[in-house]
Structure formats: structure tokens, C-alpha cells
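Coordinate-derived values only; no laboratory data. Everything numeric in this text was worked out from a predicted model, so none of it was measured. We place every Cβ from the backbone using ideal geometry, glycine too, and count neighbours over all the protein chains shown.
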Amino acid sequence: MDEEKAEKFVANYKRLRRLFEILGPSPEKLKYQKEYETLTVIYYTYLHRKRDFEDIEGYVRKYFPKTLEIIQRSIELGKIEELFPAVTLDEEYLKKIQEKYLDMTDRVSNMIFDIRKFIYTEKSRSPFLETIGERVNRILREIRDRRMRTEEAYQKLQQIITEINEIQRRRKELSDRELSVILPLERAVGKSQQLIDSAKTLISELEKEGLLFPGWNQKMDSIRKVGLKVRALIRKIPKLKFEDREQLYNEIMDNLTKLG
């Protein structure tokens, strides 16, 4: 794929899309309806190939309703998915991508898109994955700014895939609420069974006391009570600086409030 030509096509299509929306039911627009539909099919096929899912999922729905009608009427997204199937980030992923993409740059590019899609689709039920998404975005920025070599990016992405696989395995034994507490704690002080037990006890107490009822994260008093429990747990961890405690508290509370 010629990326320079692809970027030029995307830029031109987006300008055309804005005009299409502005013109409304103009007779002049109707003369080129078929051509626009064809370009839209090409554009969304390209997005699926690049896994640029956010454009399809939200932005178009909000700002380009007329184009959305064409997508729903003219484009078989299921067929596009069949041509460019979603990739599963399982334990076989690294082996498959090594076999599929011999060129290191292509491999890194596809890994970045695959991880970002996974984070995007999972973040509503797994806010603790957002920190991984931030790391991937940082890698992407450093590649674009030529501050990171492709080989280094590949190694970091391999580590992230391994980390995601471990989180997926742990989900079989731990709830998302428990992981929302455990993962930030482990990043701060390392892994230990005592830490896992403490986090599980915290969530168990919060649930038994009825503090995590539906909508608790919309009520300031409930957030305050949950926060006090989280702070009590963090205070038990020795040798943490004040700034580290605050960062840990904010990350755990952010995870829990997003989960609800």
C-alpha cells in the first residue's frame, strides 16, 4: 500500500464528505451520488484494513449522518470484516504476525493498530487497560518523531502483547474490579499474593457494604466513601512517597468510577 497516496485520498475524501453533508438534498449533489458511494466504500474498506475503528464507531455517527445512511445502505461491513478479519490478541498472536509480516516495519505498524483496536473495544469494561493504550500511543509518537527505532518498538510491543495475554488469563480468576485495584498496585510495588488478597478483600468489603451499587459513581458521597477505603489500603503499603500514593489513589479511583 502506497501510504502517501492513501493519505492524500483520505484527506480528499474527508473534504468531499464535508461538502456532501453541507449540500443536503441539492440536485447537483444527486448527480454524483453513485460516485460518492463508491468512494465511501473504498474509504471504509481502507479504514478496516488500517483498523481505524474510531472513525466508524463514533465520529461519523455524530457529525456525518447523511454519510452514515450511505454506509448502512451501501456498504456490507460484514463483507469487509470477512476480507480483513479482526485479529485476536491471544497467545498465538506473536507467532502469527511474525509469519504474516516478514518486514519489521509492517509488523510493528499492524501490532500498533491491533493493540489500539483491542484497547478501544475493551476500555468500557476494562479501564485499567487505558494505561497500556497510552504506552502504545507513546511508542507511535516516538516512531513518527524518529526517536525510537523499529526494532526497539517491536520489542516493547511484544512485551505489551505478553502483558495483555497475562491480564486475559488473570480475568479467569479475578473480577475487573479486583484487577482495577491490583494492576496499579503491582506497577507501584511489584507482585505479591498479599497484595492480591488485600485488593480482593477491599472489593469484597465495598460490595458487602453496598457501596458499589448501580450509579454509585455518579454520587459524590458514595465516591468519597469508596475513596476512604482505597486510601486506607494504600496507607498500609510501606515506603511510598506522598506523590506516589496520590498517583496510585487517582489511578485506582479512576478505574473504579469508570467501571461503576
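Relative to the present Cα-Cα distance, how much length would full extension add between L30 and Q158 at 0.36 nm per residue of separation?
41.2 nm
How many nm separate the modelled label positions at E130 and R18, each set 7 Å beyond the Cα in the direction of the Cβ?
The two pseudo-label positions are separated by 2.9 nm.
What FRET efficiency do you get for E37 and V10 if R0 is 22 Å and r is their Cβ-Cβ distance, rounded to the nearest 0.05?
Given R0 = 22 Å and the Cβ-Cβ separation, E is 0.80.
Can you tell me the order of 182-193, 104-115, 232-243 when each peptide is scored by its average per-residue count of other Cβ atoms within 10 angstrom, highest first?
Order by mean packing, descending: 104-115, 182-193, 232-243.
A 24 angstrom limit on the alpha carbon distance is what I want to check against. Which of K123/K172; K5/K123; K96/K156; K219/K239; K219/K241 exceed it?
Going by Cα-Cα distance, K5/K123; K219/K239; K219/K241 fall outside the 24 Å limit.
Using the Karplus curve 6.51 cos²θ - 1.76 cosθ + 1.60 with θ = phi - 60°, what ³J(HN,Hα) values do you get for each residue of the range 170-183, in whole Hz, with x for Gly and Pro?
Working through the residues one at a time gives 5, 5, 6, 10, 10, 7, 5, 5, 5, 5, 4, 8, 5, 4 Hz.
State the Cα centre-to-centre distance between the range 99-156 and the range 203-260 in whole Å.
Answer, in whole Å: 30.
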